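The structure appears below as structure tokens.
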Amino acid sequence: MTPPPSAVSPVAHATTRPDLAEIAGRARPVALAGERLLPVLPPLRPLLPEGGLRRGSVVAVVGSTSLALALVAAASASGSWCAAVAVGRPSVHPEAAFELGVALERFPLVAALPGSQPGGWSWVVGALLDAVDVVAAWPAGGVRGADARRLAARGRERGAVLVVAGAGWTEPVDVRLTVVTSSWEGIGSGHGRLLSRRVEVVATGRGAAARERRRVLWLPAAGGGVADAPAEPACAGSAG
């Protein structure tokens, strides 16, 4: 499914302070600041202790780019501005986000860091936490503990959700979603097309999220989006 031209996500290839100031100016008027929880797609609700993304929380996603994008889909569709910081991640593409239900007109994608800004990744993520409701970020290398704690505090102060995907974040998180098995459907004996992927997701965390939760999902489902899948044994495969 290809997004219409009007829905193409703005991509900041060389992020600067004016770039982020423009995003902040566009985002703040539509931010749903009065809501304690930001919505998620229905199949993802049972994985979260409160059935949504709690403002001020940090959520880690391990093993799936698609799952990180799917987490922001419902919030963006309901009117919240969301953003992604995905430096050096060609798999994070506006079309992939669109197929999972992300509203691209409220989803700036930062694909490159400012060359002259010290701690560029942390600086960009922090600036976006000031401006939007959800930031999905793939760390560019390891994140220093002090920077991680500062970003978590910034999110709590601003009521924003930080979704950290991939490796590099070693500080505690409120919820951790891990894809433990993954198998594609649609390929026959040397023929066919990849149509959907069955994944098993395990949710752990602290506080209300300490009790382990498991869900089997189509991610993506045939035709796009996310759907509940039959709880059949799935062969482990590469997540993406």
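The values are calculated or read from the model by the stated rules, or taken from the named source; none is laboratory data. Computed from a prediction, not measured in an experiment: that's the story for all the values here. Note: ideal-geometry Cβ built from the backbone for every residue, glycine included; neighbour counts use all protein chains shown. For accessibility, only protein heavy atoms count, side chains too; no ligands or nucleic acids. Shrake-Rupley method; radii C 1.70, N 1.55, O 1.52, S 1.80 Å.
Give me the pairs: first residue in region 51-66 and farther than 23 Å from Glu95 by Cα, second residue open to solvent by 10 Å² or more (accessible area, probe 1.4 Å) and acidic (Asp, Glu), beta-carbon distance under 6 Å, and six or more apart or on different chains, which are they?
As it stands, the answer is Ser57/Asp174; Val58/Asp174, since those pairs meet every condition given.
Give me the pairs, please: first residue somewhere in region 206-220 and at positive phi, second residue anywhere and among the acidic types (Asp, Glu) and crowded, with 20+ Cβ neighbours inside 10 Å, beta-carbon distance under 8 Å, and either six or more positions apart or on two chains.
Here the result reads Gly207/Asp174, each pair linking region 206-220 to a residue that is among the acidic types (Asp, Glu) and crowded, with 20+ Cβ neighbours inside 10 Å.
Restricting the search to region 121-156, which residues are touching a residue at least 60 places away in the same chain (Cβ under 8 Å), more than 21 Å from Ser66 (Cα to Cα), in contact with a Leu (Cβ under 9 Å, 6 or more places away or on another chain) and not hydrophobic (A, V, I, L, M, F, W, C)?
Those that are touching a residue at least 60 places away in the same chain (Cβ under 8 Å), more than 21 Å from Ser66 (Cα to Cα), in contact with a Leu (Cβ under 9 Å, 6 or more places away or on another chain) and not hydrophobic (A, V, I, L, M, F, W, C): Asp130, Gly155.
On the basis of being surrounded by fewer than 23 Cβ atoms within 10 Å (Cβ to Cβ) and under 14 Å from the mean Cα position of the chain (by Cα), does Ala152 make the cut?
It is false that Ala152 is surrounded by fewer than 23 Cβ atoms within 10 Å (Cβ to Cβ) and under 14 Å from the mean Cα position of the chain (by Cα).
List, please: which pairs have Cβ atoms under 8 Å, are six or more places apart or on different chains, and start with a residue in region 170-197 that is within 18 Å of Leu217 (Cα to Cα) and end with one that is at pLDDT below 60 and hydroxyl-bearing (Ser, Thr, Tyr)?
Between residues of region 170-197 that are within 18 Å of Leu217 (Cα to Cα) and residues that are at pLDDT below 60 and hydroxyl-bearing (Ser, Thr, Tyr), the close pairs are Ser182/Ser238.
Of the residues in region 101-126, how many are part of a loop (DSSP other than H, G, I, E, B) and open to solvent by 10 Å² or more (accessible area, probe 1.4 Å)?
Summing the residues that are part of a loop (DSSP other than H, G, I, E, B) and open to solvent by 10 Å² or more (accessible area, probe 1.4 Å) in region 101-126 gives 11.
Is it the case that some residue within region 166-174 is touching a strand residue (DSSP E or B) at 6+ places or on another chain (Cβ under 7 Å), at pLDDT 85 or above, open to solvent by 20 Å² or more (accessible area, probe 1.4 Å) and in a strand (DSSP E or B)?
For region 166-174, residues touching a strand residue (DSSP E or B) at 6+ places or on another chain (Cβ under 7 Å), at pLDDT 85 or above, open to solvent by 20 Å² or more (accessible area, probe 1.4 Å) and in a strand (DSSP E or B): absent.
Any residue at all in region 226-235 that's modelled with pLDDT under 90, touching a helix residue (DSSP H, G or I) at 6+ places or on another chain (Cβ under 8 Å) and more than 26 Å from Arg55 (Cα to Cα)?
no
From the list Arg89, Arg26, exactly one residue is part of a loop (DSSP other than H, G, I, E, B), modelled with pLDDT under 95 and surrounded by 15 or more Cβ atoms within 10 Å (Cβ to Cβ). Which is it?
Of Arg89, Arg26, the one residue that is part of a loop (DSSP other than H, G, I, E, B), modelled with pLDDT under 95 and surrounded by 15 or more Cβ atoms within 10 Å (Cβ to Cβ) is Arg89.
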